[in-house]
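The values are calculated or read from the model by the stated rules, or taken from the named source; none is laboratory data. Here the structure is a predicted model, which is why all the values come from computation and not from measurement. When we count neighbours, we look across all protein chains shown, and the Cβ atoms used for this are built from the backbone with ideal geometry, even at glycine.
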Amino acid sequence: MIKVFESDVLTVTKEDNSFLVLAIHPSTREPWKSEQEALAYSISNKFLFQSPEPEPVAPLLPLLTPVEFKLMFTPTERIAIKNTRPTDEILDDFMDIIDDPRLDTVNFNLQSTKDAIDYLVSIEVLTVERAVQVKTGVFL
């Protein structure tokens, strides 16, 4: 357990991050007389510790079929990808994965998918604004 006395309040935190806040001495119901008194106070199992707030979970992005993924791009963007692919090994590798018949979904939650979309910006196939839109996995 970790005890911290600050602004006349004793906060006790367990290893599991649950915590207890005591603004007054539990026995006397009076404010703590000193930091030493608060830190020396024995914490027993009779106290109810609060669980910490859970970390917010990022919403999951949709899964799209490879065809739906390609349809996220405008016709002009798809043509630019097609024309750039023969001379760009990185783009060609990514599109080989998208074109693989064993692939049933494109997962927008994967960093590799996000990186591939960012790569399209770096080779000037997409604008930054369009990349942000495409990364949502939602048709506009």
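Against the numbered list (1) under 18 Å from P66 (Cβ atoms); (2) at pLDDT 95 or above, L110 comes up short only at (2). Restricting region 1-23 to residues that are touching a residue at least 12 places away in the same chain (Cβ under 8 Å) and hydroxyl-bearing (S, T, Y), the residue that is surrounded by the most Cβ atoms within 10 Å (Cβ to Cβ) is T13.
Listed here are the residues, each with its yes/no results for (1) at pLDDT below 90; (2) loosely packed, with under 10 Cβ neighbours inside 10 Å.
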residue: H25; (1), (2): yes, no
residue: S42; (1), (2): yes, yes
residue: E53; (1), (2): yes, yes
residue: I79; (1), (2): no, no
residue: T87; (1), (2): no, yes
residue: I98; (1), (2): no, no
residue: L103; (1), (2): no, no
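With respect to P62, is the statement that it is without any contact (Cβ under 8 Å) to a residue 40 or more places away in the chain and farther than 17 Å from H25 by Cβ true? Against the criterion (without any contact (Cβ under 8 Å) to a residue 40 or more places away in the chain and farther than 17 Å from H25 by Cβ), P62 does not qualify.
Restricting the first member to region 101-126 and to residues that are within 14 Å of F73 (Cα to Cα), and the second to residues that are in a loop (DSSP other than H, G, I, E, B), the beta-carbon pairs closer than 6 Å and six or more apart or on different chains are L120/L126. Scanning region 1-41 for residues that are among the hydrophobic types (A, V, I, L, M, F, W, C), closer than 20 Å to S51 by Cα and assigned to a strand (DSSP E or B) turns up I2, V4, F5, V9, L10, V12, F19, L20, V21, L22.
Restricting attention to region 73-87, does a residue exist that is within 27 Å of the chain's Cα centre (by Cα), touching a residue at least 24 places away in the same chain (Cβ under 8 Å), not assigned by TED's automatic domain parsing to the domain that holds S18 and not in a helix (DSSP H, G or I)? There is at least one residue in region 73-87 that is within 27 Å of the chain's Cα centre (by Cα), touching a residue at least 24 places away in the same chain (Cβ under 8 Å), not assigned by TED's automatic domain parsing to the domain that holds S18 and not in a helix (DSSP H, G or I). Scan region 55-66 and tell me whether some residue there is within 25 Å of the chain's Cα centre (by Cα), surrounded by 13 or more Cβ atoms within 10 Å (Cβ to Cβ) and part of a strand (DSSP E or B). Yes, there is a match, as at least one residue in region 55-66 is within 25 Å of the chain's Cα centre (by Cα), surrounded by 13 or more Cβ atoms within 10 Å (Cβ to Cβ) and part of a strand (DSSP E or B).
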